[in-house]
């Protein structure tokens, strides 16, 4: 990768962490209608947490996928933000994406400012269940994702390859992923947003993938729990990738709360401190059976804040 791309990636990722507004981007999807206005900048509003590390949670983990009320529940749990999903897909041809509605986007941004709870990221979780490279509308969804991130002032998106698009073993799928993202990358660069990829690759595999795509607008969305399950050394992986190739983290355990499972979070923090990383830690799963949603995610938020936001 050239020095120019490294510098650009660092600039975009720092903007993502800080919530700096994006530049104007031409209209991409007719579903959203009209040109894109200047991006809203929720992270620059008063009342938001300004810590180096901020804690978020996936809206589907709160059982409030694409519901504005996820912001209120996240606040009740002590979270700084919410990762908002772009809608269900299942086996369908199209996503049930409420964010295509300008009124829905307005309600999210208004509620976010009022509650002081940020939208940390926008997720295309639809591709947990369907293959990104086989779905006929993958490019359309990607373009809408970039556009909506821009319109809502959200700087990072989450794209899982999931089990249906195993780019670690399937070289043809990997080649297609590179093609899809190379096509979408210029629009993401212009919008000042980062497309975060969650895959089964190790650090070396991730670095080769990013180099093949060759854009500062594509980075690794690192899943600590999946890496642990795969047998990777998390500390070495994070150091190998470095601060400029990781846009966000998913913090995930199984049927235990964070801090009570296999991930050594104090060591994770020491590593992130060491490499100079800052940004969002997004809680996924990590729930104790029999406990309520609020109990589970209050416990997770409390633990992460006690460690990552301690003064």
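Each reported figure results from applying straightforward, stated rules to the coordinates on display, with no laboratory input. From a predicted model like this one, the values you see are computed outputs, not experimental measurements. Positions of Cβ are backbone-derived with ideal geometry, glycine not excepted, and every protein chain shown enters the neighbour counts.
Radius of gyration over Kirkwood radius for region 39-120, both on Cα atoms: the Rg/Rh ratio is 0.99.
Over the C-alpha atoms of region 153-203, the Rg to Rh ratio, Rh being the Kirkwood estimate, stands at 1.00.
Using the per-residue mean of other Cβ atoms lying within 10 Å as a proxy for protection, in what order, highest first, do the peptides 285-293, 249-257 fall?
Details: 285-293: 14.9, 249-257: 20.4.
Top to bottom by mean Cβ count within 10 Å: 249-257, 285-293.
What is the distance in Å between the Cα centroid of region 240-311 and that of region 135-171? Centre-to-centre (Cα) distance: 23 Å. Highest average first, the peptides 153-160, 203-210 ordered by how many other beta carbon atoms sit within 10 Å of their residues are 153-160, 203-210. Spacing of the modelled spin labels on residue 267 and residue 134, each 7 Å from Cα toward Cβ, amounts to 3.7 nm. Projected label points at residue 190 and residue 115, each 7 Å from Cα along the beta carbon direction, are separated by 3.4 nanometres. Projected label points at residue 229 and residue 96, each 7 Å from Cα along the beta carbon direction, are separated by 2.5 nanometres.
How many Å³ per residue does the convex hull of the Cα positions in region 177-263 occupy?
Working: hull volume 8.6 nm³, N = 87.
It is 98 Å³ per residue.
When Rg and the Kirkwood radius Rh are both evaluated on Cα atoms of region 90-242, their ratio Rg/Rh stands at 0.97.
Could you quote the convex hull projected area for region 68-178, Cα atoms only and averaged over all directions, in nm²? Working shown, then result.
Values: hull surface 29.4 nm².
The directionally averaged projection comes out at 7.3 nm².
For region 192-311, the percent of C-alpha pairs falling in each 5 Å distance bin, counted from 0 to the bin holding the largest distance, reads 2, 11, 22, 23, 19, 13, 7, 3, 1, 0.
Extension gain, residue 260-residue 106: 0.36 nm per intervening residue step, less the Cα-Cα distance, totals 51.6 nm. According to the Kirkwood relation over distinct C-alpha pairs, the hydrodynamic radius of region 236-285 is 11.6 Å. Paramagnetic label reach from residue 204 (point 7 Å along Cα→Cβ; backbone nitrogen cut-off under 11 Å): within region 219-247, no residues.
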